[in-house]
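A.B. asks: I have a structure here, written as structure tokens, and I will follow up with some questions on it.
Derivation of every value follows stated rules applied to the coordinates shown; laboratory data play no part. As the structure is a computational prediction, the values presented were derived from the model and not from experiment. Neighbour counts are summed over all protein chains in view; Cβ atoms, including those assigned to glycine, are modelled from backbone coordinates with ideal geometry.
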Amino acid sequence: MDSATPAEVSVIIVNYGTAALAIEAVESVRARRHGGRVVDIHLVDNDSPGDDTAILAEAHRARGWGAQVTLHLEPVNHGFGRGNNLVLKVLSSRETPPDKVFLLNPDAKLDNEALAILADFLDTHPEAACAGPRITKPDGTLVTAAFRFPSLISEFSDTLAFGPVARLCARHTVPLPPDIGTMQVDWVSGAAVMFRREALDAVDGFDPVFFLYFEEVDLMRRLTTAGWQVWHVDGARVLHAEGIATGVRSSDRRRKPDYWHASWANYTRTGHGRVFGLSAMAVKLLAAVLNHLIARLRRRSPSVPEHFFSDFIRVALPLMLASSPLRDAHQA
């Protein structure tokens, strides 16, 4: 890309400890034509451990990325939302900012001309703030990429994880079927999503209170409240190796980090208020107790993450009760 040519679409990849995958993500963007659009790439390294910064800098030199790829080698770990905000601020300050911004996880990569397909969709749907692609695992397994906003019913059903109750509450379950077509939804996966920059600027981007998790749910809730739409676009395809970048998979029983519980509390309270947040906590804790009881009766392991009760109460409850502005619980 000619450094004097303004980008029409800017791609942001936020890396932490996955340099090799981040390089593949960059190359998957560089390998596509994007319908003739000018695309630049911003690769943020969030103070990764090990040699990630050196590896990325060498890749930039050896692969001839030049002006098309800008490295942002950060001295601290900003998390996902704040890492993206750093670049969004730079983009908005340009004399000619890009019309669209595409967020791509470092453990994801384009599987077709997804940027062109999503950009074309936004061009023909001016009411849409963002659009997400169909997502598959590297082995071809289709995964959920579109969702409903959480509710008290979904908090109970999803935490209980008991088949008969889940079927009764199917209309409220947060994940939508992975094989849905192109349709308007509540929110889409932050692993790969294209935003209209105008919409991001209108809501000031990601809320910096979130370190990791729920930040895209909160952002799309605020966009929806402001009158914008969110869409899932079936024709755009992205491969995603879930959990490699974050270390947490949706089906994982391992102990969740404190920032997950903090993000849950921050999203629930800021989106719905303290009364709803405390009600959601009570519902979630009740469902977790029942999950343990049912598991014991069936002589199986509970699906609730390890140390859930102590961690959830220790981290989430103070945030629900606090009168001061909410904060994240990440310990740098």
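A.B. asks: Round to the nearest 10 and give me the degree value, 0 to 90, for the angle of helix 52-62's Cα axis relative to the longest principal axis of the chain.
C.D. replies: It works out to around 30 degrees.
A.B. asks: According to the Kirkwood expression over distinct Cα-Cα pairs, how big is the hydrodynamic radius of the chain, in Å? Please list the in-between numbers first.
C.D. replies: Details: mean 1/r = 0.0485 Å⁻¹.
The answer is 20.6 Å.
A.B. asks: Mind telling me which of Pro106, Pro208, Pro133 comes out most flexible in a GNM of the chain, alpha-carbon contacts under 10 Å?
C.D. replies: Its mean-square fluctuation being the largest, the pick is Pro208.
A.B. asks: Given a Förster distance of 45 angstrom, what is the FRET efficiency for Thr5 paired with Arg167, based on the Cβ-Cβ distance and rounded to 0.05?
C.D. replies: 0.25
A.B. asks: Obtain the nm distance between the two label points defined at Asp234 and Arg63 by a simple spin-label model: each point lies 7 Å from its Cα along the Cα-to-C-beta direction.
C.D. replies: Rounded to a tenth, the inter-label distance reads 3.2 nm.
A.B. asks: Placing +1 at every Lys and Arg Cβ and -1 at every Asp and Glu Cβ, with all other atoms neutral, what dipole size does region 258-321 have around its Cα centre, in debye to the nearest 20?
C.D. replies: 300
A.B. asks: Among Ala20, Thr70, Asn291, whose Cα projects farthest towards the positive end of the dipole of the chain, with charges put on the beta-carbon of Lys, Arg (+1) and Asp, Glu (-1)?
C.D. replies: Toward the positive end, the furthest listed residue is Asn291.
A.B. asks: Can you tell me the dipole magnitude for the chain around its Cα centre, using point charges on the Cβ only (Lys, Arg +1; Asp, Glu -1), in Debye to the nearest 20? All intermediate terms of the calculation are to be shown ahead of the outcome.
C.D. replies: Working: 35 positive and 38 negative charges, 289 e Å.
Using Cβ point charges on Lys, Arg, Asp and Glu, the chain gives about 1380 debye.
A.B. asks: Now for a separate question. If you rank Thr124, Thr53 by fewest surrounding Cβ atoms within 10 Å, what's the result?
C.D. replies: With the sparsest Cβ surroundings first, the list reads Thr124, Thr53.
A.B. asks: Looking only at Val289, Val185, Val217, which one moves most when the chain is put into a Gaussian network model with springs between Cα atoms under 10 Å?
C.D. replies: Greatest mean-square fluctuation among the candidates belongs to Val289.
A.B. asks: Work from the charge dipole of region 4-149 (Cβ charges, +1 for Lys and Arg, -1 for Asp and Glu, about the Cα centre) and give the residue of Leu115, Ser92, Pro49 farthest towards its positive end.
C.D. replies: Result: Leu115.
A.B. asks: Tell me the label-point distance for the pair Arg254, Ala322, using the 7 Å Cα-to-Cβ offset, in nm and rounded to one decimal.
C.D. replies: 2.7
A.B. asks: Please determine, in degrees from 0 to 90 and to the nearest 10, the orientation of helix 274-297 with respect to the longest principal axis defined by the Cα atoms of the chain, where the helix direction is its Cα long axis.
C.D. replies: With rounding to tens, the tilt is 70 degrees.
A.B. asks: Here's another thing I want to ask about it. Sum up the charges of everything whose Cβ sits under 14 Å from the Cβ of Ala280, counting Lys and Arg as +1 and Asp and Glu as -1, but leave Ala280 out. Mind dumping the intermediate values first?
C.D. replies: Details: positive: Arg269, Arg274, Lys284; negative: Glu155, Asp158.
With Lys, Arg at +1 and Asp, Glu at -1, the neighbours total +1.
A.B. asks: At Thr96 and Asp186, where each label point lies 7 Å from the Cα along Cα→Cβ, what is the point-to-point distance in nanometres?
C.D. replies: Label at Thr96, label at Asp186, 4.1 nm between them.
A.B. asks: Something else about it: Using a Gaussian network for the chain with springs between C-alpha atoms less than 10 Å apart, which of these wobbles most: Thr96, Thr136, Thr224?
C.D. replies: Thr96
A.B. asks: I've got another one for you. Counting other C-beta atoms within 10 Å, which of Ser263, Ser301 has the fewest, and how do the rest follow?
C.D. replies: Ranked by crowding around the Cβ, least crowded first: Ser301, Ser263.
A.B. asks: Next question. Which pairs break 28 Å Cα to Cα here: Lys109/Lys284; Lys89/Lys256; Lys109/Lys256; Lys100/Lys137?
C.D. replies: Long pairs (Cα-Cα over 28 Å): Lys109/Lys284; Lys89/Lys256.
A.B. asks: What ranking do Arg253, Arg30 get, fewest neighbouring Cβ atoms within 10 angstrom at the top?
C.D. replies: Lowest count first: Arg253, Arg30.
A.B. asks: With only alpha-carbon atoms in the gyration tensor, what are the semi-axes of the equivalent ellipsoid for region 258-321, in Å, largest first?
C.D. replies: 24, 12, 8
A.B. asks: Is any residue of region 159-184 close enough, with backbone N under 11 Å, to a label point placed 7 angstrom from the Cα of Arg300 along the Cα-Cβ axis, and if so, which?
C.D. replies: The answer is 161-164.
A.B. asks: Additional query: Going by alpha carbons, how many degrees (0 to 90, nearest 10) lie between the helix axis of 19-30 and the longest principal axis of the chain?
C.D. replies: Here the helix axis deviates by roughly 60 degrees.
A.B. asks: Considering only DSSP beta bridges where both residues belong to the chain, give the percentage that are antiparallel (nearest 5). Please list the in-between numbers first.
C.D. replies: Values: 18 of 43 bridges.
Taking every DSSP beta bridge within the chain, about 40 percent pair in antiparallel fashion.
A.B. asks: Given the rule -39500 (n - 2.57) for each run of at least 4 DSSP H residues, summed and divided by the residues of the chain, what is its mean residue ellipticity at 222 nm, to the nearest 500 deg cm²/dmol?
C.D. replies: For the chain, the value works out to -12500 deg cm²/dmol.
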